[in-house]
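Chemist: Here it is: the structure, laid out below.
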Amino acid sequence: MFNFGWGELVVIGIVALIAIGPKELPTVLRTLGQYMAKIRSMASEFQGQFQEALREAEMADLKKHADDLNAAVSDISNFDPVADTQKQLESALEDKPELAAADTGAAGEPVAEHKPLEIEPVPASPVTTEALPEPTVPLPEPVEPVTEKDFGIAEPIPQKQAGGAA
């Protein structure tokens, strides 16, 4: 704790013996030991409470995570695509009369129908029937095959036979 060596402890003991005296030194050391024991017990109790609070916080986080997972699983298990589709169809059919009422004018008379725009066709461009000349591409010259002579090798290199010296 204080990182004292044996030499420092001997010096402290000699000073305590001279300052306190040989008669009262054992009682002072006993009292000092009791105070140290109380301080250590309080420190260990504080550390235990701190560790317990950390465990409780971790358990609360784990419980919250488990509850979130449970809620997600229950949402997935309650998934019914047929019922969802039926609800969407019903809501679409309920919106239909509102759209029909919107097509009537202020006096209750139907509004004139909208006609699509008529687009005039574009006249076709004249096409020539002349034949196009074929493109002429020069053919590459034939290439001679590469041989060992091209690399300066006059004779083939002898290969080592397996299992014996060459």
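Chemist: Would you pick out the residues in the range 1-42 that are within 56 Å of the chain's Cα centre (by Cα), surrounded by 10 or more Cβ atoms within 10 Å (Cβ to Cβ) and not in a helix (DSSP H, G or I)?
Modeler: PHE4
Chemist: What's the total number of residues in the range 2-59 that are among the small types (Gly, Ala, Ser) and on the phi > 0 side of the Ramachandran plot?
Modeler: Residues meeting the conditions: 1.
Chemist: Here is a further query. May I ask you to say which residue of LEU93, LEU117, LEU139 is surrounded by fewer than 10 Cβ atoms within 10 Å (Cβ to Cβ) and at pLDDT 75 or above?
Modeler: LEU93
The values are calculated or read from the model by the stated rules, or taken from the named source; none is laboratory data. The structure presented is a predicted model; accordingly, all values stated were derived computationally and were not measured. Methodologically, a virtual Cβ is constructed for each residue, glycine included, from the backbone with ideal geometry; neighbour enumeration extends over all protein chains shown.
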